[in-house]
Amino acid sequence: MDYGGGYSTTSYGAQGGAGGGGFMGGSQGGSQGGAGKGTYGKDTLRPVTIKQILDAQQPHPDAEFKIDDVEITQITFVGQIRNISTQTTNITYKLDDGTGTVEAKQWIDADAGTSMDITSDGSVSKPKLVENEWARVWGRLKAFNNKRHVGVHVIRPITDKMDITYHLLEATYVHLYFTKGSLDTIKQENGTANGNQEVGYGGGGGDTSMNGLRIPNVSMNAKRVYQVLKESPQNNEGLHVQNIAALASMNVAEVLKAGDELLSHSMIFTTVDDNTWALLEF
């Protein structure tokens, strides 16, 4: 998927049939609401978490849902199957990904059947979905009687648990893209901000950044301790409080207080003991 401009365009699921659980192009209106009418030519497929699904905004009943103020059409998410309810016309899966719980409803197409896989010998097999196992869902967010669910185009069991981590990272990346901007934009903004700062850690002398990242506001003593740790020769164990006090011309009590401040901001960490510190590399 390409997140350079509009994350991704796809015709995935737009044709219904065997992969669509009975959804044919343009047939998702009616009692399910008119959202998405005429949008299949420009559908996007966005990775999301269940919390994002539950928090999605819908300006009015006929409008597309929005996440991060961006319209969504088709979505994909992962979740652990908590319950499977089979009825004559549909199968309802209750899924939980740790951020929330949502129902995914797959309509049964009597002619095409539910989603099938073609095996190496040419035979057809149905993916086995069981409770307490993880699955990936591709579908469309819907609202019916003020309750949200996902209309399933395809649902597949997850065989490699790394896919769960990959999906959550991908969903986070796309969320940050729409809320913070592209990675290139963030780097450019950080570079400009660092270039406009006074020389010194927050204006106190020395390098102003942590490997190009802007630093939080801390006290002047904390800045002095940080600069000593950054500029003084040391081994992998870092520097002891006594050494820092001598190099920074501060008393031990001041160094300890400054150290607590830097530790709270995750800018340094303890090594061989609580009074020996090193910079946390980013």
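The values are calculated or read from the model by the stated rules, or taken from the named source; none is laboratory data. Just so you know, these numbers come straight off a predicted model, no measurement behind them. In this analysis, Cβ positions are derived from the backbone assuming ideal geometry, glycine residues included, and neighbour counts consider all displayed protein chains. Remember, those area values only see protein heavy atoms, side chains included, never the ligands or the DNA or RNA. Shrake-Rupley method; radii C 1.70, N 1.55, O 1.52, S 1.80 Å.
At a Förster distance of 41 Å, what's the computed FRET efficiency of VAL130 paired with LEU280, Cβ-Cβ distance as r, to 0.05? Provide the component values of the computation, followed by the final result.
On the way: r = 43 Å, r/R0 = 1.05.
Working from the Cβ atoms, E equals 0.45.
Sequentially through region 83-92, phi angles give Karplus couplings (6.51, -1.76, 1.60; θ = phi - 60°) of 7, 10, 10, 9, 10, 5, 9, 7, 10, 10 Hz, Gly and Pro residues having no value and appearing as x.
Assuming R0 = 30 Å, can you tell me the calculated FRET efficiency for the pair VAL272 and VAL252, based on Cβ-Cβ distance, to the nearest 0.05?
Efficiency for this residue pair is about 0.95.
Filter the GluC sites (Glu not before Pro) in region 217-282 down to the DSSP loop ones having no more than 10 other Cβ atoms within 10 Å, then list what survives.
Values: sites: GLU231, GLU237, GLU254, GLU261, GLU281; in loops: GLU237, GLU281.
Here the GluC sites (Glu not before Pro) that fit, given the DSSP loop and packing criteria, are GLU281.
Heavy-atom accessible area for MET250, with the other protein chains in place and a 1.4 Å probe, reaches approximately 20 Å². In this structure, the residue pairs whose Cα-Cα separation is over 22 Å, taken from LYS51/LYS147; LYS105/LYS180; LYS51/LYS94, are LYS105/LYS180. Taking 0.36 nm per residue of separation and subtracting the Cα-Cα distance, full extension of the segment from ASP163 to ASN146 would add 2.9 nm.
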